[in-house]
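The values are calculated or read from the model by the stated rules, or taken from the named source; none is laboratory data. Predicted, not measured: the structure shown is a model, and the values here were computed from it. With ideal geometry, Cβ positions are generated from the backbone for all residues, glycine too; neighbour counts draw on all protein chains shown.
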Amino acid sequence: MSTPDDKTKEVSADAGGEEAVASFEGVDEKEQGEGPGGFVILFFIIGFVASLIIGWVIFPKLLYSQKRQPVDFNHAIHVETVGNGCESCHIFREDGSYAGVPKLAQCADCHQEVQGENPEEKIFVEEYVAKGKEVPWLVYSKQPDCVFFSHTVHVKLAGMDCVTCHGPIGESTSLKPYEENRLTGYSRDIWGKSMSGIKKNSWDRMKMDDCAECHEKETGRKSSVQTDKDACFVCHK
Amino acid sequence: MKIDRRCFLSLGIGGAAGLALSPIPWKLADDSAIWTQMWPWTPVPADGETTYVKSACTLCPGGCGISVRKVDNRAVKIEGMEGHPVNDGGICLLGLSGLQLLYGPTRVKTPLKRAGERGEGKWVKITWEEAISEVAKKLGDLRENGESSSVACISGTDKGSVPTLFKRFLSVYGSPNFMRMPSVLDSYELALSLSFGFAAQQGFDLEKADFILSFGSGIIEGWGSPVRMIRAKSSWRESGGKTVQVEPRLSNTAAKSDKWIPINPGTEYALALGLAGVIITKSLYRNDFVKGSTSGFDKFAGLVLSAYTPDAVEKITGIKKETIEALAVNFARAAKPVAICGRGQGRAQGSLGELMAVQALNALVGNINKEGGIFAFPNPGYMAWPDYIADNIAAAGIKKERADGAGSGNFGYAKNLTNRFAETVKSGKAAVNVLFVLESNPLYSLSDTNTVKEAFKKIPFIVSFSSFMDETATNSDLILPNHVYLERYEDVYVATGLSKPVVSLSKPVVSPQFNTKHAGDALLLIAKKMGSPVADSFPWKSYGACLEEILGGKWGKLVKEGFWTDSASSAPVFKTSSGKFEFAGGFIDLAALFAPVNAEGDPKAYPLLLIPYDSMRIASGYIGDPPFAVKTVEDTVLKGKDALVEVNPATARAGGFSEGSYAILKTPKGSAKVKVHLFDGIMPGLVAMPRGLGHTAYDNYLAGKGINVNELIGTVEDPASGLDAAWGIRANLIKA
């Protein structure tokens with residue numbers, strides 16, 4: 001007779017091992033005979049696939065609402081007409097600060113009257129210029145308020161191209177729908193169109209890591225001892 | 001095969017595995033992090049173009065230039081204007097908090113007419129047309145009945161075009177009753193007209209002075225023009241100028257002085273006369289000036305040498321005679337000594353004798369009309385008003401006796417005795433049917449609030465031009481809300497002791513936020529509505545047009561630079577009959593001029609003395625403390641809603657009080673529950689309380705906090721001038 005302790009030793013040694021496996025198999029076979037075997041796998045797959053579909057297909061549709069811009073603006077046509085590229089309308093003020101989306105007064109300099117045949121222009125002139133109402137543009141690139149970002153430093157000092165962050169928006173003939181994150185209120189363009197976060201172009205995504213990546217590469221600064229990258233307060237003032 | 005529990009477990013596991021490989025957990029974690037860091041309900045200021053608008057602050061009489069930073073159409077910060085002759089970039093706590101008055105909840109947003117009982121807070125919104133018509137009709141009826149002189153106006157100031165416009169209106173309409181809120185400026189103006197011989201404001205070249213003897217003036221607590229004075233105080237530190245503070249309480253000014261001399265409250269005049277006596281005895285006065293440019297010296301010397309010897313002054317003031325003698329010598333031997341008075345911020349008028357005594361000190365050391373000394377500036381002449389047309393009713397009306405008695409009888413010298421107004425109206429001596437209230441809050445700020453309330457009950461129609469729901473507006477019948485200073489044009493004449501006259505221009509920084517109207521425009525509309533002959537003297541289309549016309553050539557400079565200074569106005573002149581500085585100011589009995597002012601109340605029933613004090617952290621004028629400023633008030637002054645009074649530990653011990661214990665503070669005028677704060681820096685037998693608390697109106701940040709000291713203090717009429725000479729009141733602290 002051996003003690004339970006001895007048995008354990010045997011199992012863990014060699015011959016006992018097979019015995020243990022066999023006994024487990026024995027149990028499986030017995031239950032498979034009457035049990036749900038295939039269904040277990042099937043249900044696993046159903047759950048798995050359903051989750052993936054919900055996560056990759058339905059979730060983004062629920063998370064983001066689709067909003068149309070108040071006026072469908074044609075960037076391409078304007079870039080052709082103006083002389084100074086993006087900065088013709090997206091101006092830097094005299095004090096060096098960046099003005100962002102043009103104010104109505106700026107647009108009205110040219111669009112006091114309807115000039116072309118585009119119905120969108122007509123809407124713009126009648127609904128906004130005539131009424132003196134600012135256009136409530138939805139800004140795709142709006143970042144949270146906790147981030148300090150200076151266009152002047154990036155464009156004027158570092159000589160960066162607008163396209164690097166904003167993409168070829170200047171070539172677009174129509175404004176895409178604004179997809180607003182229902183939870184945070186920010187545009188989908190910040191996270192990027194791709195839910196997986198895969199990015200092909202520098203402008204596909206504009207999260208903190210994307211800023212940090214470029215800062216690390218371009219400035220070479222490692223002002224933070226903790227992260228060995230640019231310090232937090234460079235942007236989070 | 002059958003579906004059992006395991007299948008569902010498996011479904012769940014599969015679902016979980018799929019979930020882990022989907023973006024849901026990672027994306028939601030990220031989004032909720034952003035969400036919690038940027039709560040959507042937290043206001044984020046909108047970005048926009050930054051601009052600056054140069055304007056002037058009118059929240060106190062200091063007249064600082066301000067530069068307001070705007071982001072698009074929103075004012076976001078008030079800063080001091082660089083290069084402005086008053087404050088050169090500096091700004092005080094109240095000035096900084098001005099935006100809370102512009103955007104805060106206490107604004108009156110549209111003309112209001114009382115619906116319920118007075119003070120009940122029931123209002124109906126009316127249009128401007130209705131409001132103007134109602135006032136014009138009431139005024140028209142009174143004028144027809146020959147009661148034009150029963151219309152009165154209380155204004156925060158009488159300088160500048162808007163008060164002048166109101167005064168002009170009353171003159172054309174037929175009433176002499178334009179009054180401004182009392183302050184030490186009344187006493188200074190009166191003293192100047194007696195000793196210099198013309199209507200003037202006093203200027204102090206304090207920055208260049210080297211010995212400043214202050215009889216209780218809160219040099220760094222809001223006296224004069226607050227920012228300028230704080231700067232001046234710093235400049236003495238560098239230039240070696242000495243300051244001596246004579247005051248019963250260790251105020252911040254006293255604490256920062258080179259010497260603090262505690263004095264029995266209300267006896268400052270005696271100290272000034274005692275110092276004069278020592279200076280005369282020791283022949284330390286500037287003989288050339290006294291001989292050549294003053295009159296009445298012998299008479300003055302006779303009085304101080306007989307009645308105000310150092311021994312006698314020691315008995316009155318409680319200051320050792322050695323201290324008095326040393327102070328007199330130091331003062332007289334300084335190169336550019338200046339003596340100033342006006343307790344605290346100069347909110348109270350004080351007795352004429354006190355002012356004349358202090359002025360005599362300045363005359364003895366000969367620092368009048370010269371660098372580092374004092375000046376008298378003639379009343380501002382920068383506005384050129386066209387003559388008005390007074391018909392018979394107007395001519396008769398303005399000759400009638402004023403409701404406050406100023407300018408007639410015993411008070412022939414006085415221009416404003418607004419302190420007497422409440423009493424005469426309450427007692428029925430003066431009948432007032434309509435009262436205009438402009439940029440002031442008499443129901444809160446005048447001493448003896450209960451009497452003022454009684455008087456207001458006797459006035460059938462009160463029109464407030466206040467921008468805010470202050471105590472007076474709350475108790476009026478009609479509110480015609482003015483734009484606040486950041487929404488309007490207005491000239492700001494600085495009458496508070498600068499070394500040269502300065503006029504600033506208040507400009508609209510933002511467009512009016514509500515359905516308000518410039519008080520000047522409202523008045524012009526009332527005049528127009530009344531028709532000829534009143535309207536004939538008000539030909540302007542708007543207040544703006546009026547201002548531009550009366551400023552003439554200065555308008556352009558004011559708009560461009562924001563201020564205008566008159567450097568040519570300080571010619572040394574005396575226009576008295578003798579052509580010299582008058583020590584006695586025409587008084588035959590000098591002893592009557594320099595009579596002691598006793599506090600109201602029976603010393604047996606009220607063994608202590610209550611004195612009010614001023615603080616830079618508590619706005620005590622027309623403007624109540626905005627929330628930013630309330631936050632800075634120390635918890636030894638205001639704890640929760642409780643007011644704390646300063647009491648010397650010895651006095652507190654005798655009464656059985658310890659730090660923080662509740663007490664009933666009782667004076668002949670009223671009583672209030674207060675907390676006791678033990679303070680070694682106050683003389684025994686005194687109780688000190690700040691001005692500016694105990695509002696019942698304004699917003700929840702201010703209303704109901706502390707006690708309004710004006711409710712506890714009455715007026716003491718100065719027999720020589722009619723001014724309110726009260727510096728405190730007898731009081732008692734009873735265990736609560």
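Select from region B:10-27 the residues that are surrounded by fewer than 17 Cβ atoms within 10 Å (Cβ to Cβ), part of a helix (DSSP H, G or I) and at the interface with chain A (Cβ under 7 Å from one of its Cβ atoms) and list them in ascending order. Even if it seems obvious, please write down each step before you answer.
Residues of region B:10-27 that are surrounded by fewer than 17 Cβ atoms within 10 Å (Cβ to Cβ), as a first pass: B:12-13, B:16-17, B:20-21, B:25-26.
Still in the list and also part of a helix (DSSP H, G or I): B:12-13, B:16-17, B:20, B:25-26.
Of everything in region B:10-27, those that are surrounded by fewer than 17 Cβ atoms within 10 Å (Cβ to Cβ), part of a helix (DSSP H, G or I) and at the interface with chain A (Cβ under 7 Å from one of its Cβ atoms) turn out to be B:GLY12, B:ILE13, B:ALA17.
Hey, can you tell me all the residues within region A:81-111 that are over 23 Å from A:LYS133 (Cα atoms) and within 11 Å of chain B (Cβ to nearest Cβ)?
Once the filter is applied, which keeps residues that are over 23 Å from A:LYS133 (Cα atoms) and within 11 Å of chain B (Cβ to nearest Cβ), region A:81-111 yields A:GLU94, A:ASP95, A:GLY96, A:SER97.
Within region B:406-435, which residues are assigned to a helix (DSSP H, G or I) and touching a residue at least 60 places away in the same chain (Cβ under 8 Å)?
In the first step, residues of region B:406-435 are kept if they are assigned to a helix (DSSP H, G or I); the result is B:409-411, B:418-426.
Correct list: B:ASN410, B:PHE411, B:THR418, B:ASN419, B:ARG420, B:PHE421, B:GLU423.
For region B:66-180, which strands (runs of 3 or more DSSP E) that fit wholly inside it have 3 or more residues that are under 16 Å from B:ALA473 (Cβ atoms)? Reasoning before the result, please.
Values: elements: B:74-80, B:112-114, B:123-125, B:151-155, B:177-180.
Output list reads B:112-114, B:123-125, B:151-155.
Quick check: anything in region A:177-188 within 30 Å of A:GLU80 (Cβ to Cβ), free of Cβ contacts under 8 Å to residues at least 60 places away in the same chain, surrounded by 13 or more Cβ atoms within 10 Å (Cβ to Cβ) and out of contact with any helix residue (DSSP H, G or I) (no Cβ under 9 Å at 6 or more places or on another chain)?
Yes, there is a match, as at least one residue in region A:177-188 is within 30 Å of A:GLU80 (Cβ to Cβ), free of Cβ contacts under 8 Å to residues at least 60 places away in the same chain, surrounded by 13 or more Cβ atoms within 10 Å (Cβ to Cβ) and out of contact with any helix residue (DSSP H, G or I) (no Cβ under 9 Å at 6 or more places or on another chain).
Taking into account only those residues within region B:47-57 that are within 12 Å of another protein chain (Cβ to nearest Cβ) and among the polar types (S, T, N, Q), which is nearest to the chain's Cα centre (by Cα)?
B:THR51
Any idea which of B:ASN392, B:ASN379, B:ASN433, B:ASN410 is of a type in the set (S, T, N, Q), at negative phi, surrounded by fewer than 22 Cβ atoms within 10 Å (Cβ to Cβ) and outside the structural domain of B:LEU524 (by TED's automatic domain parsing)?
Working: B:ASN392 fails: outside the structural domain of B:LEU524 (by TED's automatic domain parsing); B:ASN433 fails: outside the structural domain of B:LEU524 (by TED's automatic domain parsing); B:ASN410 fails: outside the structural domain of B:LEU524 (by TED's automatic domain parsing).
So the residue among B:ASN392, B:ASN379, B:ASN433, B:ASN410 that is of a type in the set (S, T, N, Q), at negative phi, surrounded by fewer than 22 Cβ atoms within 10 Å (Cβ to Cβ) and outside the structural domain of B:LEU524 (by TED's automatic domain parsing) is B:ASN379.
Quick check on region A:112-128. Is at least one of its residues more than 21 Å from A:SER172 (Cβ to Cβ), of a type outside the set (A, V, I, L, M) and within 14 Å of chain B (Cβ to nearest Cβ)?
no
For A:CYS86, only one of the following conditions fails: (1) at negative phi; (2) touching a residue at least 24 places away in the same chain (Cβ under 8 Å); (3) out of contact with any Cys (no Cβ under 7 Å at 6 or more places or on another chain). What is its number?
Among (1) at negative phi; (2) touching a residue at least 24 places away in the same chain (Cβ under 8 Å); (3) out of contact with any Cys (no Cβ under 7 Å at 6 or more places or on another chain), A:CYS86 violates only (3).
Go through (1) at pLDDT below 85; (2) in contact with a strand residue (DSSP E or B) (Cβ under 6 Å, 6 or more places away or on another chain) for A:GLY16 and report which single condition fails.
(2)
Do we find that B:LEU446 is over 30 Å from B:ALA395 (Cα atoms) and surrounded by 23 or more Cβ atoms within 10 Å (Cβ to Cβ) in this structure?
On the way: over 30 Å from B:ALA395 (Cα atoms): yes; surrounded by 23 or more Cβ atoms within 10 Å (Cβ to Cβ): yes.
Against the criterion (over 30 Å from B:ALA395 (Cα atoms) and surrounded by 23 or more Cβ atoms within 10 Å (Cβ to Cβ)), B:LEU446 qualifies.
Kindly provide the set of residues from region A:60-78 that are more than 14 Å from chain B (Cβ to nearest Cβ) and buried (at least 17 other Cβ atoms within 10 Å of the Cβ), ordered by number. Please lay out each step first, then the result.
Restricting attention to region A:60-78, the residues satisfying the condition of being more than 14 Å from chain B (Cβ to nearest Cβ) are A:66-78.
Result: A:GLN69, A:PRO70, A:VAL71, A:PHE73, A:ASN74, A:HIS75.
Going by the conditions given, is A:VAL135 away from chain B (no Cβ under 14 Å) and in contact with a Leu (Cβ under 8 Å, 6 or more places away or on another chain)?
So A:VAL135 passes the test.
Filter region B:593-647 down to residues that are under 28 Å from B:SER440 (Cβ atoms) and among the basic types (Lys, Arg) and give me whichever is surrounded by the most Cβ atoms within 10 Å (Cβ to Cβ).
Residue satisfying both the conditions and the ranking: B:ARG617.
Residue by residue, here is whether (1) surrounded by fewer than 15 Cβ atoms within 10 Å (Cβ to Cβ); (2) more than 9 Å from chain A (Cβ to nearest Cβ) holds:
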residue: B:LYS2; (1), (2): yes, no
residue: B:PHE8; (1), (2): yes, no
residue: B:ALA29; (1), (2): yes, yes
residue: B:LEU59; (1), (2): no, yes
residue: B:ASP72; (1), (2): yes, no
residue: B:VAL76; (1), (2): yes, yes
residue: B:HIS84; (1), (2): no, yes
residue: B:ASP88; (1), (2): no, yes
residue: B:LEU96; (1), (2): no, yes
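Where the second residue is assigned to a loop (DSSP other than H, G, I, E, B) and the first is free of Cβ contacts under 8 Å to residues at least 12 places away in the same chain and lies in region B:262-291, which pairs have Cβ atoms under 6 Å and are six or more apart or on separate chains?
none
Of all residues being under 12 Å from the mean Cα position of the chain (by Cα) and in a loop (DSSP other than H, G, I, E, B) in region A:187-201, which is nearest to the other protein chains (Cβ to nearest Cβ)? Just the residue, please.
Within region A:187-201, the first condition is being under 12 Å from the mean Cα position of the chain (by Cα), and the residues that meet it are A:187-199.
If we keep only those that are in a loop (DSSP other than H, G, I, E, B) as well, we get A:192-199.
Details: A:GLY192: 11, A:LYS193: 12, A:SER194: 9, A:MET195: 4, A:SER196: 7, A:GLY197: 8, A:ILE198: 11, A:LYS199: 14 Å.
Checked region A:187-201; the qualifying residue nearest to the other protein chains (Cβ to nearest Cβ) is A:MET195.
Quick check on A:VAL57: is it within 25 Å of A:LEU183 (Cβ to Cβ) and either more than 14 Å from chain B (Cβ to nearest Cβ) or modelled with pLDDT of 90 or more (or both)?
On the way: within 25 Å of A:LEU183 (Cβ to Cβ): yes; either more than 14 Å from chain B (Cβ to nearest Cβ) or modelled with pLDDT of 90 or more (or both): yes.
The answer is yes for A:VAL57.
Which of the residues that make up region B:392-405 are of a type in the set (A, V, I, L, M) and either in a helix (DSSP H, G or I) or over 29 Å from the mean Cα position of the chain (by Cα) (or both)? Please lay out each step first, then the result.
Of the residues in region B:392-405, the ones of a type in the set (A, V, I, L, M) are B:393-396, B:398, B:403.
Correct list: B:ILE393, B:ALA394, B:ALA395, B:ALA396, B:ILE398.
Is one or more of the residues making up region B:550-570 at pLDDT below 95, touching a Leu at 6+ places or on another chain (Cβ under 8 Å) and under 30 Å from B:ALA720 (Cβ atoms)?
No, there is no match, as no residue in region B:550-570 is at pLDDT below 95, touching a Leu at 6+ places or on another chain (Cβ under 8 Å) and under 30 Å from B:ALA720 (Cβ atoms).
Considering only helices (runs of 4 or more DSSP H) fully contained in region B:544-660, which possess at least 2 residues that are farther than 24 Å from B:ILE729 by Cβ and not assigned by TED's automatic domain parsing to the domain that holds B:VAL246?
Values: elements: B:554-561, B:590-593, B:627-630, B:649-655.
Answer list for region B:544-660: B:554-561, B:590-593, B:627-630.
Evaluate region B:518-528: report whether one residue or more is in a helix (DSSP H, G or I) and either over 25 Å from B:VAL135 (Cβ atoms) or modelled with pLDDT under 95 (or both).
Filtering region B:518-528 for residues in a helix (DSSP H, G or I) gives B:519-528.
Then keep just the ones that are either over 25 Å from B:VAL135 (Cβ atoms) or modelled with pLDDT under 95 (or both); that gives none.
No, every residue in region B:518-528 fails to be in a helix (DSSP H, G or I) and either over 25 Å from B:VAL135 (Cβ atoms) or modelled with pLDDT under 95 (or both).
Residue-wise test of (1) of a type in the set (D, E, K, R); (2) surrounded by fewer than 23 Cβ atoms within 10 Å (Cβ to Cβ); (3) not assigned by TED's automatic domain parsing to the domain that holds B:ALA430.
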| site | (1), (2), (3) |
| --- | --- |
| B:ARG168 | yes, yes, no |
| B:TYR188 | no, no, yes |
| B:GLU221 | yes, yes, yes |
| B:PRO226 | no, no, yes |
| B:ALA232 | no, no, yes |
| B:GLN245 | no, no, yes |
| B:ILE261 | no, yes, yes |
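Criterion first (among the charged types (D, E, K, R), part of a helix (DSSP H, G or I) and touching a helix residue (DSSP H, G or I) at 6+ places or on another chain (Cβ under 8 Å)) does B:GLU314 satisfy it? It would help to see each step written out before you state the result.
Values: among the charged types (D, E, K, R): yes; part of a helix (DSSP H, G or I): yes; touching a helix residue (DSSP H, G or I) at 6+ places or on another chain (Cβ under 8 Å): yes.
It is true that B:GLU314 is among the charged types (D, E, K, R), part of a helix (DSSP H, G or I) and touching a helix residue (DSSP H, G or I) at 6+ places or on another chain (Cβ under 8 Å).
Among the residues of region B:368-391, is there at least one that is in a helix (DSSP H, G or I) and hydrophobic (A, V, I, L, M, F, W, C)? Can you show your working first?
Going through region B:368-391, the residues in a helix (DSSP H, G or I) turn out to be none.
No - not one qualifying residue is present in region B:368-391.
Is there a residue being part of a helix (DSSP H, G or I), crowded, with 17+ Cβ neighbours inside 10 Å, at pLDDT below 95 and among the small types (Gly, Ala, Ser) anywhere in region B:289-299?
Yes: region B:289-299 contains one or more residues that are part of a helix (DSSP H, G or I), crowded, with 17+ Cβ neighbours inside 10 Å, at pLDDT below 95 and among the small types (Gly, Ala, Ser).
Does B:SER499 fit the bill of being assigned by TED's automatic domain parsing to the domain that holds B:LYS159, modelled with pLDDT under 95 and surrounded by fewer than 24 Cβ atoms within 10 Å (Cβ to Cβ)?
On the way: assigned by TED's automatic domain parsing to the domain that holds B:LYS159: yes; modelled with pLDDT under 95: yes; surrounded by fewer than 24 Cβ atoms within 10 Å (Cβ to Cβ): yes.
So B:SER499 fits the description; yes.
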